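**Student:** Handing you a structure now.
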Amino acid sequence: MKKDNLPGALLHQTCKQYDVIEYLNITEREHQLLMTMPKNDWTKPLIITVDIVFISILAVVEKTQTITTYFWIYLTWKNDFLSWDPEQFCNISHTTIPLSYFWVPDLYYVEQVIEDSTSWMKYANLSHDGTITAVKPTHLSSTCILDFYYFPFDVQTCSVTLISAMHKENSLILTSQKNSSDVNSERLKYFVDNGEWHPLEVTVEYKPQDGYSRLLYTATIQRESSLYILALILPSMALLVLDLLSNFVPKAYNEKIGFKITLLLGISVLMLLLNDFLPASSDQPPIIVIFFIGTMSLMAIGIVETIFITYIGGRTQKSDKTAAGTFPLYQGLLLKSSCNEDELKEEEPVPEDGVASALEKICRDMHMVRQQILSLQRKENLEAEREKFQERIEKFVFYGHTVLVITFYMLVFFKWKW
């Protein structure tokens, strides 16, 4: 401390924060401050006040059931060996000192799966009453039981438990600086949105177990589903709509089957993309898996329906071939009749009984022609009835398939919503 006497002026006092450090004699007392818990009465527990500020949700890995978060943790505790009177040091009430001079609580996260490589901030804040505040940016990868039943409209709840590894509750007590209401209200204050996950609620609860003091932080997060709707759900629905619209192509059944098989391969590619997001094992299949299996099944049923209608059309085509093969016979009969008439003209006159025999033959030929024409008309009528029956079957199958598709999608979206 330094005093300057200025003539005709009030007495001024100039202080430095280093004066506080010299007064506390921190460098000489390093072993005392570093090696033991900073409390005068060992029977009383040391109170560690914790405040966590969530910054971002970096990743949620579905395959490994892990979540990676980034946050800052503030620890505050009182060192009984350090204090000063601010009035003696120009009202300096706090200063910053390297954290390496002080004892630091040994805390860890129960759900942690990867060792945190981040370190404490180099300097700590020291108040005049001995209160120390240390800050650590934390990059935490922890386990989380993820429920994908409603994927991609899922809401996940993950917990992180903070506990002391060496000190029990009678020696060290963890307490939260803020209650659950304050923590939840300030969850978005410093949160950086990464686009896929949004925090809905963050709570903190004091839950001691087995004689150890513990703080349980629980975060409820919701997935942003727009990307998955655009990349998976809408394309699969579009493929199924194209499958339905292909039924309006008239009588091109072979081309329809090839087109439907191509659409079925397209939905298979989308299912391969979905496999990259979902874990290998699950208690029950997610709704989106049911959605894709149902869509694929409906498309397969559409192929079977087209094959059935093609089979009916194939029978009609056989009838066409039979009718086509009958016309040469009819033409032959007519030619035969005309040839007989010519022959009759060219031949020499015959007796009357010969004329009667020729006329009888012509009548038999004309009767055969008449029977053949009637047979062709019956076959044409049968073919027309078959075509009408095929059209009715095709319409019935199309309307039934459409109702089945609409019913299936209504049930799936109802389960997704509720």
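**Student:** Does residue 28 fit the bill of being assigned to a helix (DSSP H, G or I) and either closer than 20 Å to residue 204 by Cα or without any contact (Cβ under 8 Å) to a residue 12 or more places away in the chain (or both)? Let's see the steps before the verdict.
**Tutor:** Values: assigned to a helix (DSSP H, G or I): no; either closer than 20 Å to residue 204 by Cα or without any contact (Cβ under 8 Å) to a residue 12 or more places away in the chain (or both): yes.
Judged against the criteria, residue 28 is not a match.
**Student:** Out of region 192-211, which residues are open to solvent by 60 Å² or more (accessible area, probe 1.4 Å), modelled with pLDDT of 90 or more and not charged (D, E, K, R)?
**Tutor:** Those that are open to solvent by 60 Å² or more (accessible area, probe 1.4 Å), modelled with pLDDT of 90 or more and not charged (D, E, K, R): 200, 206, 208.
**Student:** OK, next. So, residue 379, is that one farther than 30 Å from residue 303 by Cα, modelled with pLDDT under 75, open to solvent by 60 Å² or more (accessible area, probe 1.4 Å) and touching a helix residue (DSSP H, G or I) at 6+ places or on another chain (Cβ under 8 Å) or not?
**Tutor:** On the way: farther than 30 Å from residue 303 by Cα: yes; modelled with pLDDT under 75: yes; open to solvent by 60 Å² or more (accessible area, probe 1.4 Å): yes; touching a helix residue (DSSP H, G or I) at 6+ places or on another chain (Cβ under 8 Å): yes.
Considered against the rule, which asks whether it is farther than 30 Å from residue 303 by Cα, modelled with pLDDT under 75, open to solvent by 60 Å² or more (accessible area, probe 1.4 Å) and touching a helix residue (DSSP H, G or I) at 6+ places or on another chain (Cβ under 8 Å), residue 379 comes out as yes.
**Student:** Additional query: Could you figure out which of (1) touching an Asp or Glu at 6+ places or on another chain (Cβ under 6 Å); (2) under 26 Å from residue 147 (Cβ atoms) isn't true of residue 187?
**Tutor:** So the condition that residue 187 fails would be (1).
Condition check ((1) surrounded by 15 or more Cβ atoms within 10 Å (Cβ to Cβ); (2) modelled with pLDDT under 75; (3) assigned to a helix (DSSP H, G or I)) across all residues:
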position: 238; (1), (2), (3): no, no, yes
position: 244; (1), (2), (3): yes, no, yes
position: 258; (1), (2), (3): no, no, yes
position: 272; (1), (2), (3): no, no, yes
position: 292; (1), (2), (3): yes, no, yes
position: 295; (1), (2), (3): yes, no, yes
position: 306; (1), (2), (3): yes, no, yes
position: 311; (1), (2), (3): no, no, yes
position: 321; (1), (2), (3): no, yes, yes
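**Student:** Does region 144-180 hold any residues that are polar (S, T, N, Q), open to solvent by 20 Å² or more (accessible area, probe 1.4 Å) and touching a strand residue (DSSP E or B) at 6+ places or on another chain (Cβ under 9 Å), and which are they? Quick ask: steps written out before the conclusion?
**Tutor:** Initially, region 144-180 is screened for residues polar (S, T, N, Q), giving 156-157, 159, 161, 164, 170-171, 175-177, 179-180.
This time we only want the ones that are open to solvent by 20 Å² or more (accessible area, probe 1.4 Å), so: 157, 159, 170-171, 175-177, 179-180.
Hits for region 144-180 are 157, 159, 171, 175, 176, 177, 179, 180.
**Student:** Here's a follow-up. When the residues of region 116-138 are filtered to those that are of a type outside the set (D, E, K, R) and in contact with a helix residue (DSSP H, G or I) (Cβ under 8 Å, 6 or more places away or on another chain), which remaining residue is surrounded by the fewest Cβ atoms within 10 Å (Cβ to Cβ)? Break it down stepwise before answering.
**Tutor:** Going through region 116-138, the residues of a type outside the set (D, E, K, R) turn out to be 117-121, 123-128, 130-135, 137-138.
In the following step, the residues that additionally are in contact with a helix residue (DSSP H, G or I) (Cβ under 8 Å, 6 or more places away or on another chain) were identified as 120-121, 123-124, 128, 134.
Working: 120: 16, 121: 16, 123: 14, 124: 21, 128: 19, 134: 18.
Only one residue fits best here, namely 123.
**Student:** Collect the residues in region 215-236 that are among the small types (Gly, Ala, Ser), open to solvent by 30 Å² or more (accessible area, probe 1.4 Å) and not in a helix (DSSP H, G or I), keeping them in residue-number order. Working first, answer last.
**Tutor:** Within region 215-236, the subset among the small types (Gly, Ala, Ser) is 219, 225-226, 231, 236.
Of the ones still in play, those that are also open to solvent by 30 Å² or more (accessible area, probe 1.4 Å) are 226, 231.
Answer for region 215-236, where residues must be among the small types (Gly, Ala, Ser), open to solvent by 30 Å² or more (accessible area, probe 1.4 Å) and not in a helix (DSSP H, G or I): there is none.
**Student:** Within region 246-255, can you find the residues that are part of a helix (DSSP H, G or I) and either open to solvent by less than 80 Å² (accessible area, probe 1.4 Å) or farther than 13 Å from residue 394 by Cα (or both)? Walk me through how you get there before you give the answer.
**Tutor:** Step one: list which residues in region 246-255 are part of a helix (DSSP H, G or I), which gives 246-248, 253-255.
Once the filter is applied, which keeps residues that are part of a helix (DSSP H, G or I) and either open to solvent by less than 80 Å² (accessible area, probe 1.4 Å) or farther than 13 Å from residue 394 by Cα (or both), region 246-255 yields 246, 247, 253, 254, 255.
**Student:** Give the residue that is nearest to residue 416 (Cα to Cα), with candidates limited to residues of region 149-184 that are touching an Asp or Glu at 6+ places or on another chain (Cβ under 6 Å) and assigned to a loop (DSSP other than H, G, I, E, B).
**Tutor:** It comes out as 177.
**Student:** Sticking with this structure for a sec: All but one of (1) in contact with a Ser or Thr (Cβ under 8 Å, 6 or more places away or on another chain); (2) modelled with pLDDT under 70 hold for residue 356; state the number of the condition that does not hold.
**Tutor:** Against the list (1) in contact with a Ser or Thr (Cβ under 8 Å, 6 or more places away or on another chain); (2) modelled with pLDDT under 70, residue 356 comes up short only on (1).
**Student:** Quick one: would you say residue 184 is in contact with a Ser or Thr (Cβ under 7 Å, 6 or more places away or on another chain) and without any contact (Cβ under 8 Å) to a residue 24 or more places away in the chain? Can you show your working first?
**Tutor:** On the way: in contact with a Ser or Thr (Cβ under 7 Å, 6 or more places away or on another chain): yes; without any contact (Cβ under 8 Å) to a residue 24 or more places away in the chain: yes.
Spelling it out, residue 184 is indeed in contact with a Ser or Thr (Cβ under 7 Å, 6 or more places away or on another chain) and without any contact (Cβ under 8 Å) to a residue 24 or more places away in the chain.
**Student:** Can you list residue pairs whose Cβ atoms sit under 6 Å apart, with the first residue in region 66-83 being free of Cβ contacts under 8 Å to residues at least 60 places away in the same chain and the second being of a type in the set (S, T, N, Q) and assigned to a strand (DSSP E or B)? Count only pairs 6 or more apart in sequence or on different chains.
**Tutor:** Every condition considered, the pairs that remain are 78/131.
**Student:** Oh, and also: Take the conditions open to solvent by less than 70 Å² (accessible area, probe 1.4 Å), in a strand (DSSP E or B) and over 26 Å from residue 173 (Cβ atoms) and apply them to residue 141. Does it pass? Break it down stepwise before answering.
**Tutor:** Numbers: open to solvent by less than 70 Å² (accessible area, probe 1.4 Å): yes; in a strand (DSSP E or B): yes; over 26 Å from residue 173 (Cβ atoms): yes.
Answer is yes for this residue.
The values are calculated or read from the model by the stated rules, or taken from the named source; none is laboratory data. Note that this is a predicted model, so its numbers are computed, not measured. No Cβ is skipped: glycine too gets one built from the backbone with ideal geometry, and neighbour counts run over all protein chains shown. Ligands, DNA and RNA are stripped out before the accessible areas are found, and what is left, the full protein with its side chains, is counted by its heavy atoms. Shrake-Rupley method; radii C 1.70, N 1.55, O 1.52, S 1.80 Å.
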